[in-house]
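The values are calculated or read from the model by the stated rules, or taken from the named source; none is laboratory data. Quantities reported herein were computed from a predicted structural model and do not represent experimental measurements. Positions of Cβ are backbone-derived with ideal geometry, glycine not excepted, and every protein chain shown enters the neighbour counts. With ligands, DNA and RNA removed, areas are computed over all heavy atoms of the protein, side chains included. Shrake-Rupley method; radii C 1.70, N 1.55, O 1.52, S 1.80 Å.
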Amino acid sequence: MISLKRLIFIIFLLITSPLLSMPAFSAEAQPVEQQAAVSAAESGSLTHQMWRNIMLGNLKIEADHTAVDALILQGNIPVTYEYVATLMRTPNAFGEGPACIVCHSSNDPKRSYRGLDLSTCEGILRGATEAPVKPAIVPGEPMKSRVVQKLRNNRMPLGVSFLAPIDTDTINGIKNWIDAGAKEDDNFKNTILPLFSTPKAFGSDVACISCHSSFRDPPSFHGVNLTSYKGIMKGAFSKSNAKLGKPPVPIVIPHDAANSPLYQRLIENRMPPGIGPNDESDHPNTHLLMRWIEQGAWCK
Amino acid sequence: MISLKRLIFIIFLLITSPLLSMPAFSAEAQPVEQQAAVSAAESGSLTHQMWRNIMLGNLKIEADHTAVDALILQGNIPVTYEYVATLMRTPNAFGEGPACIVCHSSNDPKRSYRGLDLSTCEGILRGATEAPVKPAIVPGEPMKSRVVQKLRNNRMPLGVSFLAPIDTDTINGIKNWIDAGAKEDDNFKNTILPLFSTPKAFGSDVACISCHSSFRDPPSFHGVNLTSYKGIMKGAFSKSNAKLGKPPVPIVIPHDAANSPLYQRLIENRMPPGIGPNDESDHPNTHLLMRWIEQGAWCK
Amino acid sequence: MISLKRLIFIIFLLITSPLLSMPAFSAEAQPVEQQAAVSAAESGSLTHQMWRNIMLGNLKIEADHTAVDALILQGNIPVTYEYVATLMRTPNAFGEGPACIVCHSSNDPKRSYRGLDLSTCEGILRGATEAPVKPAIVPGEPMKSRVVQKLRNNRMPLGVSFLAPIDTDTINGIKNWIDAGAKEDDNFKNTILPLFSTPKAFGSDVACISCHSSFRDPPSFHGVNLTSYKGIMKGAFSKSNAKLGKPPVPIVIPHDAANSPLYQRLIENRMPPGIGPNDESDHPNTHLLMRWIEQGAWCK
């Protein structure tokens, strides 16, 4: 019975959203699509714009079910706070997991994890009030907004328990090495680098380099190469992105472990709690939330 | 993977609602059931009425799961705007599709398709503000309310893409013929009538007469016969309805294409976008919305 | 098609909640878990408390998916009325069934079953206003709160229709016997006791003693023994609970049928209507509602 439940959970995640039949689209791809479409401002109304874009062939339509993608995301209609408020209150809104406001409903850290209030627009804009204080939202910058990062993140290594401790010797080793400047010193060579090839170093059975061993994705994930100092410092550098002229994304920021993805990924769980690492990180509701942030995260 | 997703979608549509286990019931059948039941006004309270109707045998109960039907729809309890507000905000509330308010949350046509605001009761009552202006609701008349029509509608012909253009030569041909009086002239004989038997005439592979070729339903759908002028002008005239003394429903209103179902069905997509043509048009939540309209569409 | 629907319904019930992957836990077991954990008050913040409890090994974690259980219920974070409000408005929130507010949205018995308003916090606290007046909530006492009892209850005998009459001769026989003092008199011996072994005595095919014939659970359910006067008056007395020193729970309160579980179970349907007797009575959202009540049922 339990195994059926878990199977069904996986199925449910595939079906829980109205928008799910949309083909997955990358965050980077959206602006291109937007540019192709006529904006509401220049064409009078959203409806007029839609029909005009249909006639101009500007809407990318691959199948009937992409109507939703075309209407909402390509159409770039304003996402209201009211819908965001609904998402924060609804179980399974971003994949398997409790409603955000169950755990995050107050700016008082004694009542709400991280002192984060996702039950009001003011609370969302205020962000986590518990030290280390961090904003949940960077208006206009969905990919820099922690609420989005937390929804799309997977804690590493894959398989690590949600409640596995984060201040172990090995994880603190990474932190201290970065905060000390992330140098290629003896400590790095003898202690840090070997961790990435050691199973169970960070709380799961799998070693980091099982998935992060080259700039090719696949077989490597996100073009992250943890097999050498040079690879680590280059960051996420997939060869396919490189061909498109995209710069690598740093994963280590010397002297700043807190903002270094290499460390963050070891200590930050994906939200909502209970969601699986294979669950859709491009959930349509996540993209609607991202669009709201991109449009300025307006409360009214 | 995609094909599993789509299969699961279909399954999901079957299960997404709490009321779905209710047997489908036709809109016409409801008043009869209501008449049979003792009303709350004459029996003191809803609970008293329910038990009295049980004792009188007035509640139609075919299986345990019809309890919901009996309690809510046969019981004719007032549907509150508050519940309607929830439906407007909830993904999948009326079948597969995004929440209504994602696309319809303002009376400003630059911010919301058709300038339709479904996020407030006032906005619902105001309807679409973009020309051609149309009310979303006719209080007391659920079947005449466009919000209901749009939820129960299927754009024709089956299989046509949501974003297929609506001002093609063939569709405009139908429009102009109706607006010119819908006469049995040479234009009708040579140009209009053949369209109904031509595959791909209106954007899908199927010809209209594949499903609309006689007054018998089945094999014809809704008793619509598009094989002759006489058949078209008689409208939806199923023989089984005729035996019950029900008049045919016109599908062509001469000089008024905008209100002629024959034209409307060619240009109006079913809501919410992405829903399939085979999805339940008698969704329980659609019936609760209809009941709210029937009871007067009161905001308080 | 219908049978597939029903099968899918059952599956859906297994998957409808974000918290469902939590192992079922008994209401009695929670306080123990809470005691084991460091409270937010003594440790500064919920987040600090969580990490401290992780380090102390105080969080009971059996698998990744129990993160939710650990964070919310073991963490004993305050459940807000706002989330309770969401639950009252959401279809399927507590298992298959319509949103509570569809039927219970006013304190006027002519508009709402039992004059119960679950659409406002004041209405929840006011309870049913129709005679017999009963509170829905006992703040601090989830198991004594009727809203919880109704969600976890199954009307007896299993299989009885939701709308089966409740003032039959046999049910009234039980009521009158209890109200007259629940004595072991001739009426009991000749009329009452035989009812429990008679199929169809109370509206379903199954006799009470099919499931309630000893203090052993299993095979008996809840350790209820309806085969003798002594057994009935001892109440729910499972041998396993007895070994733990727990007293039996009375099912008959002489002179007070209304508060006697033996009678209540014959007349009170499980909520929401349409839910099946095998559906999860420990639904995670039911436990969140219980936690809100346990914490005082505060509106703010």
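Report, by chain and number, residues whose modeled amide H sits under 5 Å from the one on A:Lys134, excluding near sequence neighbours (fewer than 5 apart, same chain).
Counting only residues 5 or more places away or on other chains, the set is A:Ala128.
At a probe size of 1.4 Å, how large is the accessible area of A:Ile267, to the nearest 10 Å²?
30 Å²
What do you reckon, how do A:Lys234, A:Lys183 stack up by accessible area (1.4 Å probe), largest on top?
Output order, biggest surface exposure first: A:Lys183, A:Lys234.
If the limit is 25 Å between Cα atoms, which of A:Lys110/C:Lys144; B:Lys110/B:Lys300; B:Lys110/B:Lys144; A:Lys144/A:Lys300 go over it?
A:Lys110/C:Lys144; B:Lys110/B:Lys300; B:Lys110/B:Lys144
Take the alpha carbon atoms of the range B:50-125, find their center, do the same for the range A:76-107, and report the distance between the two centers in whole angstrom.
Computed from Cα coordinates, the inter-centre distance equals 21 Å.
Determine how large the accessible area of A:Thr90 is when every protein chain is in place; take a 1.4 Å probe and give Å² rounded to the nearest 10.
Looks like 40 Å² after rounding.
Using a 1.4 Å probe, what is the accessible area per residue for the range A:229-300, in Å²? Before the final figure, lay out each step's value.
Numbers: 3340 Å² over 72 residues.
It amounts to 46 Å² per residue over the range A:229-300.
Residue farthest toward the positive end of the dipole of the range A:241-300, with Cβ of Lys/Arg at +1 and Asp/Glu at -1: which of A:Ser281, A:Gly245, A:Trp298?
Positive-end residue among those listed: A:Gly245.
Counting partner chain Cβ atoms within 10 Å of every residue's Cβ in B:266-274, what's the average?
3
Please report, in debye to the nearest 20, how large the charge dipole of the range B:168-272 is about its Cα centre when each Lys and Arg carries +1 at its beta carbon and each Asp and Glu carries -1 there.
Magnitude of the dipole: close to 500 debye.
Assuming R0 = 45 Å, what is the FRET efficiency of A:Glu122 and B:Thr198, from their Cβ-Cβ distance, to the nearest 0.05? Please report the intermediate quantities before stating the final value.
Values: r = 59 Å, r/R0 = 1.31.
It comes to 0.15.
Please identify the GluC sites (Glu not before Pro) of the range B:53-159 that satisfy two criteria: DSSP loop assignment and at most 13 other Cβ atoms within 10 Å. Which are they? Don't skip to the end; give the middle numbers.
Working: sites: B:Glu62, B:Glu82, B:Glu96, B:Glu122, B:Glu130; in loops: B:Glu62, B:Glu96, B:Glu130.
Answer by residue number: B:Glu62.
To the nearest hundred square angstrom, how large is the accessible surface buried between C and B, total for both chains, probe 1.4 angstrom?
In total, chains C and B hide about 3400 Å² from solvent.
Amide H to amide H, which residues 5 or more places from A:Ser105 or on other chains are under 5 Å from it, using H placed in the peptide plane?
A:Tyr113, A:Leu118
With each pseudo-label sitting 7 Å past Cα toward Cβ, what's the C:Thr191-A:Tyr229 distance in nm, one decimal?
Label-label distance for C:Thr191 and A:Tyr229, simple model: 9.6 nm.
Using a 10 Å cut-off around each Cβ of peptide A:111-119, what is the average number of partner chain Cβ atoms that fall inside?
4
Dividing the alpha-carbon radius of gyration of the range A:169-267 by 2.2 N^0.38 Å (N being the number of residues), what value is obtained?
Relative to the 2.2 N^0.38 Å estimate, the range A:169-267 comes out at 1.02.
If I model a spin label as a point 7 Å beyond the Cα along the Cα-Cβ vector, how far apart are those points for A:Asp179 and C:Ile253 in nm?
About 6.0 nm, to one decimal.
Ranked from the most accessible area to the least, with a 1.4 Å probe and all protein chains present, what is the order of B:Trp292, C:Trp51, C:Trp298? Numbers along the way, then the final one.
Details: B:Trp292 5, C:Trp51 65, C:Trp298 170 Å².
Output order, biggest surface exposure first: C:Trp298, C:Trp51, B:Trp292.
With the contact rule set at Cα under 8 Å and sequence spacing of 6 or more, what percent relative contact order holds for the range B:150-300?
Relative contact order comes out at 28 percent.
How much accessible surface area, in Å² rounded to 10, belongs to the heavy atoms of B:Met271 with a 1.4 Å probe?
The accessible area of B:Met271 comes to roughly 50 Å².
Just to make sure I understand: if all protein chains stay in place, what is the order of A:Ile251, A:Ile166 by accessible area at 1.4 Å, largest first? Let's see the in-between values first.
Values: A:Ile251 15, A:Ile166 40 Å².
From most exposed to least exposed: A:Ile166, A:Ile251.
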